[in-house]
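Heads up: the structure comes next, in structure tokens.
Please treat every number below as a calculation from the coordinates, not as lab data. All values reported here derive from a predicted model rather than from experimental measurement. Note: ideal-geometry Cβ built from the backbone for every residue, glycine included; neighbour counts use all protein chains shown.
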Amino acid sequence: MLNSNLLRKLDMQDLMVFVAVYEQRSVTEVSETLCVSQSTVSYCLKKLRTSFDDELFINTRSGMWPTHKAATMYRHVLKILKTINICHSGIPSFDPAQKEITFNICAPEYFELLILPNLLKRFIGSRFPVIVNIQKFHRDIPNDELMDGRFDLVICFGPNFHRGAKNLKSQVLLEDDLVCVVDKNFEPPEGEFSLDTFVARQHIFPTPWTSDTNMVDGWLSKWDYSRQIIARANSYVAALNMIPGTDFILTLPRRIQMLISNDAKFSHCKPPTGLPNFTLEMLWSEKPGQNSANNWFREQVVSVCAQDGLL
């Protein structure tokens, strides 16, 4: 943040004038060098003097003499201008059209269904030779694989699932909630499940990632409840196909339910009050994260989420 509101009125031209006057000591020469009028140079100097509360340059017969404060400021202002130039053209950028590149991602099925298809369409539409390899997410954050570059990116659920992971950066991609999917013939009369009616039925549990625990059962245990899981499926779609003709409950992320559930066959109902929402987040290592290709890929993921209204 800036120490003074007066500094907010300065722009790059003011700083360029400061450096030029310091180096050339002549308003006339600065005017010619920067291709601006002398009145513009004088106006910039006035802004600089007001903003820094100092005369900065004393007009003498031998030229503009810098004050002590101006002499102290010079190297810092020069560094600011050099840094701005680096931001403009000195940071290497990744060109996805140059050569084939593969990104190795660890992600749950949720990412594959909701985000990956449009991400790949974007690459194909732009003729980018990009290959995306997805590995199923397991119980723990693959911290070592991120650190040594075996994974370029990890997609996981949150919040706070990754709080124990070290030296990783994170960004929330979207938020979602859970919904109960049932056969239309076994919809609860009230259109939603209470805690008691929820645990009274049998459940299908999709395992889009490998884990001994899950958000639903973790939440139930806090209230000293448990549910009976009659079958575990390897995917959301497989779990959904087990529902017709039964009174089983399948608890799905709402965005997935909207994507794969047929309204002619299934009803979606509100889960018990208090069942928490969740986030989808991406994690990356600070060290590989400096790679311009990885930066570019993360930007594409965020862009697709924003374009699809997920953010």
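Quick look at the values:
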quantity	calculated
Every residue from region 229-243 that is farther than 22 Å from LEU114 by Cα and touching a helix residue (DSSP H, G or I) at 6+ places or on another chain (Cβ under 9 Å)	ILE229, ALA231
Output for region 91-114, where each listed residue is among the aliphatic types (A, V, I, L, M), surrounded by 14 or more Cβ atoms within 10 Å (Cβ to Cβ) and free of Cβ contacts under 8 Å to residues at least 60 places away in the same chain	ILE105, ALA107
Residue list for region 27-57, filter: in a helix (DSSP H, G or I) and closer than 12 Å to ALA70 by Cα	LEU45, LEU48, ARG49, PHE52
Region 219-243 residues that are closer than 19 Å to VAL182 by Cα, paired with ones that are of a type in the set (Ser, Thr, Tyr) (beta carbon under 6 Å, 6 or more apart)	ARG232/THR207
Hey, ASN277 out of contact with any helix residue (DSSP H, G or I) (no Cβ under 7 Å at 6 or more places or on another chain) and surrounded by 14 or more Cβ atoms within 10 Å (Cβ to Cβ) or not	no
The one condition in (1) surrounded by 11 or more Cβ atoms within 10 Å (Cβ to Cβ); (2) closer than 30 Å to ARG122 by Cα that LEU78 fails to fulfil	(2)
Residue within region 17-26 that is assigned to a helix (DSSP H, G or I), surrounded by 15 or more Cβ atoms within 10 Å (Cβ to Cβ) and in contact with a Pro (Cβ under 7 Å, 6 or more places away or on another chain) present	yes
Qualifying residue in region 277-299 (condition: assigned to a loop (DSSP other than H, G, I, E, B), closer than 30 Å to GLY125 by Cβ and over 15 Å from the mean Cα position of the chain (by Cα))	yes
Within region 115-226, strands (runs of 3 or more DSSP E) holding 1 or more residues that are of a type in the set (Asp, Glu) and crowded, with 18+ Cβ neighbours inside 10 Å	168-176
Odd one out for SER267, checked against (1) closer than 24 Å to ASN160 by Cα; (2) part of a strand (DSSP E or B)	(1)
